[in-house]
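Structure first, then comments.
The values are calculated or read from the model by the stated rules, or taken from the named source; none is laboratory data. These figures come from a predicted structure and were not determined experimentally. With ideal geometry, Cβ positions are generated from the backbone for all residues, glycine too; neighbour counts draw on all protein chains shown.
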Amino acid sequence: MLMRMLRTKTRSIMLIIVIVFVLSTVGVYLMRGNGGGQSDRQGDYAVATIDGKKVMRSNIDIGVRNVAEQSNSMDLTQKTIVQMRKSVLENMAIYEELKKETVARGITVEESEVDEAVKRIEDQFPTKEAFQQYMENNKIRMKDLREEIGLRLAQQKLIDQVTQDATVSDEEAMEFYEQTKDFFFSQPAGYEVTYGRFASLEAAQNAKERIFAGESWDEVLESYSEEDLLEWTPLDDPVFLAEWELQTEELKDFAELETGEIGGPVEFGKGNVIILAKRSKVEARTFSFEDVSGDVVRILEREKVQQNESEFFDELLKRAEIKILDEEYFAIPESPVSGDEDAQSAGSGDQGQSEVGEKTAGENALTE
């Protein structure tokens, strides 16, 4: 999309970890004892135990479906589904070990912290009523939500404790910079540009005419409402646009602009109209270590935190007492033998029975 190519600074909604975890799992596939809810469905049975607690097949299946929906990956093979079943089971075991470890370390959470987390979740919904409706539709009680949030916040504090030792030495930072500077810290030739993204062609054209008439760029764009002007960059905060990007189909209308000229309006779909000005030419360059040392350290610190976290989770998983009760449910199917034409052609009258069988198995696991 154009805005991604322009490398604009977009606002990101910071969703705290409990939103994804709690709203998708409370009352769904976390273990809440052996009875009630999804576990009572006809044909359901225990496929494993964690610390002696039964894990029902329905809990795993719903967990797989949740992961598939969140990753937008619904077209799954039977092999992938089985791998996801194992992953869901392991995550449940890690979750149980995290709960035990937070208790062992005496980590607590204040009610005010839970209040703040609940408020942040509510704020992701258009109204408080919409949030309450979501809770009702998904049979999530506020008491359970607050309890789960408290657990997750305590666990996050625990994770922060075990991953905080992520210091980066000057030697490590310099080595990383030298190995990656051509890839991460180099900038091709291009231009610094400012732009305005409008909701209508009329508004964009009017803004351009006013600037041509002598009004300043900032004054003109600041005069429009958020309904008319969706996004813009001020003169003192331009964005970088590489020369090669101006040769793409989306931006070719701005390629021949001279420095200081304003191009457009150009429509990129209904309600998405751009005017753009080239401000200055930027030569290709590689940023010095002094310029990017802070970024280098942050990258390496993040990598160390992730490594520490992964090692901690691996250790928790080793501690967990997992017992598989249904080996077949977690068994990865063998790949068909290549060149077995008889097996592949069997059932060709109904367009390949083996393929249909595998697809059906996958669909059943996600829709049961």
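Checking residue 185 against (1) touching a residue at least 12 places away in the same chain (Cβ under 8 Å); (2) exposed (fewer than 14 other Cβ atoms within 10 Å of the Cβ); (3) over 30 Å from residue 107 (Cβ atoms): exactly one of these is not met. Which one?
(2)
Name the single residue, out of those in the range 303-334 being in contact (Cβ under 8 Å) with a residue 40 or more places away in the chain and part of a loop (DSSP other than H, G, I, E, B), that is farthest from residue 100 (Cα to Cα).
So, considering only residues that are in contact (Cβ under 8 Å) with a residue 40 or more places away in the chain and part of a loop (DSSP other than H, G, I, E, B), the one farthest from residue 100 (Cα to Cα) is 333.
Could you please find all residues in the range 188-205 being in a strand (DSSP E or B) and surrounded by 18 or more Cβ atoms within 10 Å (Cβ to Cβ)?
190, 191, 193, 194, 195, 196, 197, 198
Could you tell me how many of the residues in the range 235-254 are farther than 20 Å from residue 215 by Cβ and out of contact with any Gly (no Cβ under 9 Å at 6 or more places or on another chain)?
Summing the residues that are farther than 20 Å from residue 215 by Cβ and out of contact with any Gly (no Cβ under 9 Å at 6 or more places or on another chain) in the range 235-254 gives 7.
For the range 309-329, which residues satisfy the criterion of being surrounded by 15 or more Cβ atoms within 10 Å (Cβ to Cβ) and small (Gly, Ala, Ser)?
320
Out of all the residues in the range 81-110, which are among the β-branched types (Val, Ile, Thr) and touching a residue at least 12 places away in the same chain (Cβ under 8 Å)?
81, 82, 88, 94, 102, 107, 108, 109
Is it true that residue 210 is at pLDDT 95 or above and surrounded by 19 or more Cβ atoms within 10 Å (Cβ to Cβ)?
no
Please enumerate the residues belonging to the range 268-282 that are closer than 10 Å to residue 191 by Cβ and either of a type in the set (Lys, Arg) or surrounded by fewer than 17 Cβ atoms within 10 Å (Cβ to Cβ) (or both).
Within the range 268-282, 278, 279, 280, 281 meet the criteria.
Go through (1) among the hydroxyl-bearing types (Ser, Thr, Tyr); (2) within 30 Å of residue 315 (Cα to Cα); (3) surrounded by fewer than 16 Cβ atoms within 10 Å (Cβ to Cβ) for residue 180 and report which single condition fails.
Result: residue 180 fails condition (2) only.
Scan 145, 151 and give me the residue that is within 30 Å of residue 103 (Cα to Cα) and in contact with a Ser or Thr (Cβ under 8 Å, 6 or more places away or on another chain).
Going through 145, 151 in turn, the sole match is 151.
Restricting to the range 250-302, give me the number of residues that are of a type in the set (D, E, K, R), within 30 Å of residue 182 (Cβ to Cβ) and assigned to a helix (DSSP H, G or I).
7
Name the pairs whose Cβ atoms lie under 9 Å apart, with the first residue in the range 214-230 and crowded, with 16+ Cβ neighbours inside 10 Å, the second basic (Lys, Arg) and assigned to a helix (DSSP H, G or I), and 6 or more positions between them or separate chains?
Correct list of pairs: 220/208; 220/210.
Residue check: is residue 92 of a type in the set (A, V, I, L, M, F, W, C), under 29 Å from residue 57 (Cβ atoms) and modelled with pLDDT of 90 or more?
Judged against the criteria, residue 92 is a match.
Can you list the helices (runs of 4 or more DSSP H) lying wholly within the range 101-184 that have 2 or more residues being closer than 17 Å to residue 304 by Cα?
Answer list for the range 101-184: 142-163, 170-184.
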